[in-house]
Amino acid sequence: MVEAFKIAQVSEIVTGNCTGSENATTITQIAIDSRNLINPNSTLFVALKGAKFDGHDFIQELYKLGVRNFLVMRTFTIDKSLNAAFVQVQDTHQGLQQLATYQRKLFLGKVIGITGSNGKTIVKEWLGQVLSQHYSVVKSPKSYNSQVGVPLSVFGINSSYQVAILEAGISRPEEMEKLERIIQPNVGIFTNIGTAHEEGFENLDKKIAEKSQLFAGSDLIIYRKEHQEIHNHLRNMFPESRLLSWSEEVGADYLLKEKITPNGAKILFVKADSGMFTFQVPFSDMASLENIRHVIAASTVLGMAPHQIQEGISHLQAVDMRLTVKAGIRGCTLIDDTYNNDVAGLRLALDFMATQRPKKRKVLILSDLMQVGDSAKAYEEVGHLIKHFGIDRLIGVGTAIQQLADRFVSSSRYYQSTAELLLNLNEEQFDNDLVLITGARKFGFEVLVNQMQQRIHGTTLEINLNALTHNYNFYKSRLNPSTKVMVMVKAFAYGGGASEIANHVQHLQADYLAVAYTDEGVALREAGIHLPIMVLNPVQESFHLLQIHQLEPVVYSPSFFQQLGLYCQSQNNEMLVHLDLDTGMHRLGFEENHIQEVTDLIQEFPQLIIQSMYTHLVGADEEALGDFSLVQLELFKEMAFRIQEKLTYKPLLHALNSAGIIRFPDHQFDMVRLGIGLYGVEPSKLFSHQLKSISTLKTTISQIKTIKKGDTIGYGRKGKMAIEGRIATIAIGYADGYDRRFSNGIGKVLINRQEAKVIGNVCMDMTMVDITDLDAVEGDEVTIYGEGISLDDLAHSIGTISYELLTNISSRVKRVYYLD
Ligand SMILES: *Cc1c(COP(=O)(O)O)cnc(C)c1O
């Protein structure tokens with residue numbers, strides 16, 4: 001949406017030649033792509049010409065769609081009656097930029113322009129999220145930072161916004177000048193600078209000079225003082241009053257000192273003129289810590305108070321990372337960084353590697369660096385990095401990289417090409433290693449990653465941890481910043497794998513975990529999970545395990561209270577416990593008439609410290625039970641209050657499960673208990689589209705057969721061929737958790753994106769599906785659920801709920817975790 005103008009104005013702005021009819025339509029959209037037009041009648045189509053496409057070819061089609069205004073480079077002879085207008089210019093590219101410049105000038109809010117070698121997009125995204133605590137913010141879409149992307153971003157800004165954040169990326173000299181004319185940032189951010197020569201610049205100084213042209217008219221330029229070359233350049237070019245530097249050390253305008261903690265990092269912020277503030281951030285890798293400090297500096301400059309910024313940071317949604325972690329062959333973990341070719345990027349990747357769980361060796365597979373001018377110097381730097389990050393083995397691919405041979409002391413080997421490495425991959429004897437694969441695009445390392453990735457036959461459950469993060473953040477965004485989150489990882493984390501998921505949410509800084517049984521808690525402790533863990537259904541036999549592993553049992557009846565109290569007395573030990581208050585579920589829990597007894601027991605056994613009190617809603621997901629839920633919540637408050645009265649300390653209170661978080665935001669109390677929502681199912685169905693499915697259950701086709709008309713399939717002759725056709729036997733059965741109720745046409749699976757129905761009865765380890773009408777060969781992948789086939793629909797088709805399908809997946813099904 002742009003500030004409306006008429007075709008005659010367009011003609012004036014681009015100094016073009018207007019032909020065709022003087023139509024009266026008002027232009028509110030500018031498009032360069034004939035697909036996805038929103039409002040053709042009020043769109044101005046700009047016909048760009050590229051190497052492989054020519055926008056002019058689409059004009060006929062666009063006219064049919066209702067577009068009436070065109071910016072073109074050719075003459076069009078058109079029928080006056082057609083009511084279309086053409087503005088002709090020499091260069092529509094330039095025209096597009098002129099229109100953007102015009103639109104930019106109409107915007108009266110603040111514009112923030114970001115440039116630099118790395119982190120632009122993340123800084124933009126995070127800054128956008130933090131500023132939106134206080135301002136209405138618009139930002140350029142994902143990677144719209146180019147000569148065409150920037151104008152299109154500008155067309156997305158209108159007067160309803162207060163702040164616009166735009167990213168500028170250049171690959172050639174003289175491009176920034178054009179972007180500067182369009183963006184005209186009030187505040188600039190220079191994130192950092194990579195090594196010389198990449199991105200096609202003669203030397204580092206030229207590159208910095210070129211990039212900093214973005215700030216020609218900025219009131220303030222934010223940068224990190226440790227980037228010495230940037231500091232020097234900016235100081236020479238701009239008056240002191242327009243620079244705002246931050247640094248890890250005193251001596252800059254802002255001191256932003258980092259301190260790594262077990263769950264992320266703290267950032268101490270000191271401004272020259274005022275007090276201090278300590279920010280808490282959920283990550284500890286170098287790149288993120290730099291990016292977030294740019295965000296803190298910029299938000300401060302825009303007038304946000306530290307506590308507002310902190311609130312924004314607590315709500316940060318994970319921005320897709322370029323680096324991905326994958327399970328590799330022979331127990332290896334792969335870090336895939338296949339499209340990187342500069343030293344700065346390598347440094348970030350190595351730093352990321354350092355934050356991963358250690359394995360046997362650290363192996364680096366690295367290609368030649370591209371466009372490295374003074375290559376000896378660049379490789380010297382690489383050699384230092386390799387030493388600094390303690391790489392155990394280097395595998396070099398290419399010719400230039402071989403100059404590292406005499407510099408790099410420990411084990412290394414060099415190959416001329418990726419193909420040569422692939423031929424010798426077996427000799428590398430990978431075994432439980434952490435392998436960073438980083439190389440320039442031209443080396444085609446994706447083939448290497450593909451070869452080295454773990455391939456699993458048969459049935460697997462793939463868990464997408466980024467989707468899990470997304471879901472977690474979605475629920476976080478609906479909570480008050482101070483509300484704690486307990487993640488329910490009972491029942492093998494709803495089938496997803498308890499220790500991996502617990503580890504991941506521990507990383508996301510969840511506050512608590514809950515399991516059903518003591519054994520599940522013990523397993524988590526053994527996997528190194530240190531978050532507090534509540535055990536819903538402990539038994540007397542496990543008291544000593546609770547104690548040894550610092551697990552916190554739920555106490556749900558007076559007799560259980562007494563047993564546990566006596567045990568702790570005999571051990572002369574305290575234990576943190578949680579009280580389950582039954583307000584209507586009638587499963588476990590103290591009832592209203594137990595309160596007196598409970599308070600007496602609390603006095604009698606001070607060894608049991610009441611860490612929290614909670615209740616569970618019976619129908620949080622059902623609109624029809626809304627009133628009942630409110631009754632439960634009221635009763636809970638009343639019961640909790642009566643117990644609280646007798647205590648000298650304050651236990652946490654909590655009541656809401658996933659559906660409750662959505663429906664009863666006013667009853668968050670101190671904590672919520674997040675279960676199925678984290679796993680991608682929104683039980684109240686109000687926000688289903690906002691969650692991502694985290695798991696995909698897959699198997700493969702073992703055999704394909706052609707079966708005659710009238711023949712039967714499987715046990716009991718239940719499946720019958722109506723015509724001659726083909727069936728596929730797939731490697732999943734009810735013992736894997738593929739419910740027998742899917743037999744005989746009820747169940748559907750996806751093969752090469754086509755639906756196939758179950759034919760006959762589901763067997764213990766196998767199932768037959770009818771593939772008469774579809775393309776498939778033996779070995780093809782079969783999706784049981786995941787993208788294209790929803791868990792909810794499947795559950796519905798056999799009259800159950802997604803909870804049951806998720807938790808039924810057998811433990812023999814291999815779980816594979818990935819970050820996409
Ligand atoms: C399982 C469970 C939850 C989580 O419920 P979801 O519907 O999966 O969010 C919360 N509280 C208790 C006591 C539970 O047993």
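The values are calculated or read from the model by the stated rules, or taken from the named source; none is laboratory data. Remember, it's a predicted structure, so these values are computed and weren't measured experimentally. Quick reminder, even Gly has a Cβ in these numbers, built from the backbone with ideal geometry, and neighbours come from all protein chains shown. To get the accessible areas, we keep the full protein, side chains included, count just its heavy atoms, and leave off ligands, DNA and RNA. Shrake-Rupley method; radii C 1.70, N 1.55, O 1.52, S 1.80 Å.
Taking a straight Cα-Cα cut-off under 22 Å and skipping sequence neighbours fewer than 8 places away in the same chain, the lysines within cross-link reach of LYS360 are LYS326, LYS387. Paramagnetic label reach from GLU604 (point 7 Å along Cα→Cβ; backbone nitrogen cut-off under 14 Å): within region 539-567, residues 557-567.
Once fully extended, how much extra length lies between ASN203 and ASN426, figured as 0.36 nm per residue of separation less the alpha-carbon to alpha-carbon distance?
Numbers: separation 223, 0.36 × 223 = 80.28 nm, distance 4.07 nm.
Working it through step by step, the gained length comes to 76.2 nm.
Given +1 at the Cβ of Lys and Arg, -1 at the Cβ of Asp and Glu and no other charges, the dipole of the chain around its Cα centre is 1260 debye to the nearest 20. To put it simply, the accessible area of the chain at a 1.4 Å probe is 49 percent carbon and sulfur. Shown is the FRET efficiency for ASP406 and GLU778, computed with R0 = 60 Å from the Cβ-Cβ distance and rounded to the nearest 0.05: 0.70. Students often get this wrong: which residues of region 686-710 have the backbone nitrogen under 19 Å from the point 7 angstrom along Cα-to-C-beta of GLU724? Flagged as within label range: 704-710. Per residue, the convex hull around the alpha carbon atoms of the chain comes to 223 Å³.
Once R0 is set to 30 Å, what does the formula 1/(1 + (r/R0)^6) return for the Cβ-Cβ distance between ASP273 and LYS387, expressed as a FRET efficiency to the nearest 0.05?
0.10
Which GluC sites (Glu not before Pro) does region 150-215 hold that lie in a coil by DSSP with at most 10 other beta carbons within 10 Å?
Details: sites: GLU167, GLU174, GLU175, GLU177, GLU180, GLU198, GLU199, GLU202, GLU210; in loops: GLU174, GLU202.
In loop regions of region 150-215 (DSSP not H, G, I, E or B), the sparsely surrounded GluC sites (Glu not before Pro) are GLU174.
How much length, in nm to one decimal, is gained on full extension between TYR649 and LYS814, taken as 0.36 nm per residue of separation minus their Cα-Cα distance?
On the way: separation 165, 0.36 × 165 = 59.40 nm, distance 4.54 nm.
Full-extension gain reported as 54.9 nm.
The long axis of helix 498-507 is offset from the longest Cα principal axis of the chain by roughly 50 degrees.
In this simple spin-label model, placing a label point 7 Å from the Cα along the Cα-to-Cβ direction at both LYS377 and GLN571 gives a separation of 6.4 nm. What whole number of Å gives the distance from the Cα centroid of region 655-670 to the Cα centroid of region 470-500? With region 470-500 and region 655-670 each reduced to a Cα centre, they are spaced 13 Å. Placing unit charges on each Cβ (+1 for Lys and Arg, -1 for Asp and Glu) gives region 648-718 a dipole about its Cα centre, and among TYR649, LEU686, HIS667 the Cα reaching farthest toward its positive end belongs to LEU686.
Within 10 Å of each candidate Cβ there may be at most 11 other Cβ atoms; applying that plus a DSSP loop requirement, which GluC sites (Glu not before Pro) in region 624-700 survive?
On the way: sites: GLU634, GLU638, GLU645; in loops: GLU645.
Qualifying residues, ordered by number: GLU645.
Alpha-carbon geometry of region 159-245: the Rg and the Dmax are 12.9, 42 Å, given in that order. For the chain, the residue among GLY788, LEU513, THR43 whose Cα projects farthest onto the positive side of the dipole built from Cβ charges is THR43. Hydrodynamic analysis of region 399-527 uses the Kirkwood radius over alpha carbon pairs. Inserted into Stokes-Einstein at 20 °C and 1.002 mPa s, it gives a translational diffusion coefficient of 113 µm²/s. Of the GluC sites (Glu not before Pro) found in region 718-820, those in coil by DSSP whose Cβ has at most 16 other Cβ atoms within 10 Å are GLU724, GLU778, GLU787.
Between ALA419 and THR807, what length in nm is gained on full extension when 0.36 nm per residue of separation is reduced by their alpha carbon distance?
On the way: separation 388, 0.36 × 388 = 139.68 nm, distance 4.37 nm.
Between ALA419 and THR807, full extension yields 135.3 nm more.
Assigning unit charges at the beta carbon (Lys, Arg +1; Asp, Glu -1) and nothing else, what dipole magnitude in debye, to the nearest 20, does region 585-709 show about its Cα centre?
Details: 13 positive and 15 negative charges, 280 e Å.
Roughly 1340 debye for region 585-709.
Site pair THR712 and VAL631 shows an inter-label distance of 5.2 nm when each label is modelled 7 Å from Cα along Cα→Cβ. Could you let me know the centre-to-centre spacing of region 215-249 and region 768-786, using Cα atoms, in angstrom? After rounding, the separation between the Cα centres reads 59 Å. Between GLY390, ILE727, ALA523, the Cα set farthest toward the positive side of the dipole of the chain (charges on each charged residue's Cβ, about the Cα centre) is that of ILE727.
Kindly provide the helix-only [θ] at 222 nm of the chain, computed as the sum of -39,500 (n - 2.57) over DSSP H runs of four or more divided by all residues, to the nearest 500 deg cm²/dmol? The partial results should precede the final answer.
Details: 25 runs with 246 residues, N = 820.
For the chain, the value works out to -9000 deg cm²/dmol.
When nucleic acids and ligands are ignored and a 1.4 Å probe is applied, VAL137 ends up with an accessible area of around 30 Å².
Here the label points at ASP519 and GLU226, each 7 Å from Cα along the C-beta direction, are separated by 4.9 nm in the simple model.
For region 698-820, the normalised intensity computed at q = 0.09, 0.14, 0.19, 0.21 Å⁻¹ comes to -0.23, -0.56, -1.04, -1.26 (log10 of I(q)/I(0), Debye sum over alpha carbons, equal scatterers, no solvent). Taking the inverse of the mean reciprocal distance over all distinct Cα pairs, the Kirkwood hydrodynamic radius of region 435-502 comes to 15.6 Å.
In the context of the full set of protein chains, the chain has a per residue accessible area of 44 Å² (1.4 Å probe).
Among the protein heavy atoms, those of VAL577 account for about 0 Å² of accessible surface (1.4 Å probe, every chain in place). Restricting attention to the chain, close to 40% of DSSP beta bridges with both partner residues there are antiparallel.
Compactness of region 501-635 is given as radius of gyration and Dmax, 15.9, 49 Å, from Cα positions. Computed from the Cβ-Cβ distance with R0 of 41 Å, the FRET efficiency linking LYS259 to GLU3 stands at 0.30.
What angle do you read, to the nearest 10 degrees and between 0 and 90, between the alpha-carbon axis of helix 286-301 and the longest principal axis of the chain? Roughly 70 degrees between the two axes.
Straight-line reach from LYS211: taking Cα to Cα under 17 Å and skipping same-chain neighbours fewer than 8 places apart, the lysines in range are LYS120, LYS124, LYS178, LYS225. A 1.4 Å probe, protein heavy atoms only, puts the accessible area of ARG74 near 110 Å².
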